[in-house]
Amino acid sequence: MTAYVFLAAEPSVSAGDTRSAVLIGFLLVVVAALFACLLLGPQREEAESFYVGRRRNKPLRNGLALAGDYVSSATVVGTAGTVALMGFDGLFVAGSTLAALGVLYFLAGPLRARGRFTLADVFADRAPGTAVRVTAAVVTLLVCLLYLVVQLSAVALVTAQLLGLETVGAQRAIAVMTGVLITCATAVGGMRGATALQTAKSVVVLVALTLLVGAILSRFGWNPAALLDAAETTNGAGPAYFRPGLLQRSNPSASWTFDFVGLQLSIVLGAAVMPHVLMRLHATPGPEAARRSVRGALLVVGTVIVFTVLIGLGAAATVGGAKLAAVSPGGTGALMLTTGTLAGGPGSAPGAVLFVLVATAVFATSLAVIAGITLTASAAIGHDLYRHALRRTDGQDKGVEISTARWGAVAVSAAGIALTYAALAWNMQMFSWVALALAASSLLPALVYSLFWGRFTERGLLWTLAGGAACVLVLQAFTPVVSGLPSSLLPHHDFAWLPLQSVAPVSIPVGFALGWLGSVTGRPSHPGGDTVVLRGTGLFPRRRRATPETAGTARDDHGPELAEVPVAASTAPASARPSRPGRSRP
């Protein structure tokens with residue numbers, strides 16, 4: 001990709017000059033990130049300050065940060081490439097990325113009302129106990145580790161290509177340096193530092209993509225119809241470009257339909273409940289602010305998705321499908337190839353500025369997501385495993401908890417860097433598919449049941465978390481992603497019997513089924529309750545406080561943000577039952 005982009009440079013500016021400018025832009029981003037985290041780090045060694053920034057984020061700012069946490073480099077680079085090569089089919093991937101925020105909006109209110117810092121807090125509210133916290137923390141760490149590998153490998157590959165460093169050794173060095181720098185920034189800055197980085201990333205990405213889309217539309221006289229006509233003419237597929245089926249043509253397997261459905265399910269249901277995205281909701285003052293944050297993020301992410309679709313069409317129209325497929329078979333080079341051909345190319349002053357700005361935006365995108373992942377993993381270690389599972393303290397040693405969380409961030413980052421170092425030559429899609437499938441098959445059923453089903457039990461919760469995760473890992477081991485194909489993880493072995501790339505179509509129903517089965521065979525957490533109605537959802541009307549005349553409900557112990565939990569009169573505790581008129585209770 002780099003060779004083609006810099007061949008477009010005019011003699012006035014050499015490829016080395018443009019690469020130097022890109023390197024300077026990257027260094028400025030890193031320095032700014034470290035400075036922001038040092039300046040905005042928590043002033044007190046308190047859990048609320050380190051994990052959620054004392055919950056002082058306004059909806060607008062938190063929405064920008066949420067968008068920065070949600071939009072990864074794969075979203076920006078991959079969506080543009082998929083649209084450029086696959087046309088109509090690429091729109092499904094773009095739509096799924098946006099639809100995931102709809103699922104997140106449904107969960108935002110009750111999640112913020114029930115939880116404090118981590119997912120384990122939400123689950124422990126339903127079923128207090130060490131087993132639940134440990135299981136939730138382990139699943140959270142597993143998802144974070146896999147997704148951290150994806151982001152580190154992405155930033156290593158993209159940065160190395162943009163700097164003209166094509167060797168695996170250079171990519172590994174970039175992955176190590178990036179991981180170390182962002183780990184230090186996150187350990188020092190906490191949620192406030194991560195918020196500053198993610199907010200700035202969203203602004204930079206919006207500015208860069210706006211300028212690039214403007215350059216594309218100006219090339220075609222600001223006429224979208226002319227852009228569509230050019231994309232159809234030069235993409236290489238002809239009229240089929242705007243018809244469904246190009247993805248299937250590129251992967252003509254009998255299981256293509258299930259693979260495609262599995263990919264969309266993983267994106268819609270898995271991306272919505274990624275732990276680092278959900279933790280961002282706890283940084284808001286309350287449920288309503290959490291929902292408003294998601295609405296703001298939906299606007300930002302929707303704008304980014306529309307821009308990436310236009311950039312993909314611009315790549316098909318200006319670069320051409322044949323040339324793009326030859327230089328970047330997966331389409332990941334579409335964004336930078338298009339940038340390199342517009343505004344006079346990187347050889348002109350406007351082209352060089354645009355190229356450096358877009359490259360810096362892609363780099364900042366990966367850094368912001370890595371910061372969110374690292375912070376979430378540190379919270380799982382410090383808050384869930386250390387404080388509530390290992391020490392079982394009452395919060396008197398908060399300084400020790402934060403110190404443990406910081407060292408936990410170092411440990412998780414070290415594991416992610418080591419795995420990335422060894423796996424750069426592997427198929428990174430496997431890690432992404434497994435991470436999303438784990439979230440959709442384990443965390444999503446546990447959240448839905450915990451928030452909306454009153455008879456969900458500790459057994460059902462454990463079966464969902466552990467069983468859903470085990471189902472994903474076991475089934476994925478017997479897919480062609482691991483063995484049986486030249487592109488597999490183990491190409492010289494063949495023990496694949498499940499002809500699916502993503503196991504989400506199987507594992508997601510299994511996760512929900514295990515939660516239901518474990519609950520109907522166990523003791524309810526809320527005896528006699530059929531549903532848990534939360535005011536934080538925004539989906540149900542408010543209910544009046546319980547009075548002697550309306551004694552069918554018992555107040556939940558989570559304050560005014562939660563509505564009543566319906567309880568049968570025969571099973572309600574004596575203190576919650578009304579006294580008969582004229583009689584006093586001893």
Inset, instruction - Evaluate the following for A496: is it free of Cβ contacts under 8 Å to residues at least 60 places away in the same chain, surrounded by fewer than 20 Cβ atoms within 10 Å (Cβ to Cβ) and either under 17 Å from L107 (Cβ atoms) or in contact with a Pro (Cβ under 6 Å, 6 or more places away or on another chain) (or both)? - result: yes
Inset, instruction - Please work out which one of (1) in contact with a Gly (Cβ under 6 Å, 6 or more places away or on another chain); (2) farther than 17 Å from V300 by Cα is the condition A124 fails and give its number. - result: (1)
Legend entry - Residue check for E10: in contact with a Ser or Thr (Cβ under 7 Å, 6 or more places away or on another chain), among the charged types (D, E, K, R) and at pLDDT below 85: yes
Legend entry - Selection status of N223, farther than 25 Å from A437 by Cα and free of Cβ contacts under 8 Å to residues at least 40 places away in the same chain: yes
Inset, instruction - Inspect segment 110-120 for any residue being more than 14 Å from the chain's Cα centre (by Cα), in a helix (DSSP H, G or I), under 30 Å from Y421 (Cα atoms) and not hydrophobic (A, V, I, L, M, F, W, C) and give the result as yes or no. - result: no
Inset, instruction - Answer yes or no: is there a residue in segment 162-180 that is assigned to a helix (DSSP H, G or I), polar (S, T, N, Q) and closer than 27 Å to H276 by Cβ. - result: yes
Legend entry - Test: residue in segment 448-463 that is modelled with pLDDT of 90 or more, part of a helix (DSSP H, G or I), surrounded by 14 or more Cβ atoms within 10 Å (Cβ to Cβ) and hydroxyl-bearing (S, T, Y): yes
Inset, instruction - Restrict the check to segment 130-142 and report whether at least one residue is at pLDDT below 90, of a type in the set (S, T, Y) and crowded, with 23+ Cβ neighbours inside 10 Å. - result: no
Legend entry - Neighbours by Cβ (under 6 Å, 6+ apart or cross-chain): first from segment 123-151, within 17 Å of R391 (Cβ to Cβ); second surrounded by fewer than 24 Cβ atoms within 10 Å (Cβ to Cβ) and not hydrophobic (A, V, I, L, M, F, W, C): R133/H388
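The values are calculated or read from the model by the stated rules, or taken from the named source; none is laboratory data. Keep in mind the model is a prediction, meaning the values are calculated, not measured. For neighbour counting, all protein chains shown are included, and Cβ atoms are generated from backbone atoms with ideal geometry for every residue, glycine included.
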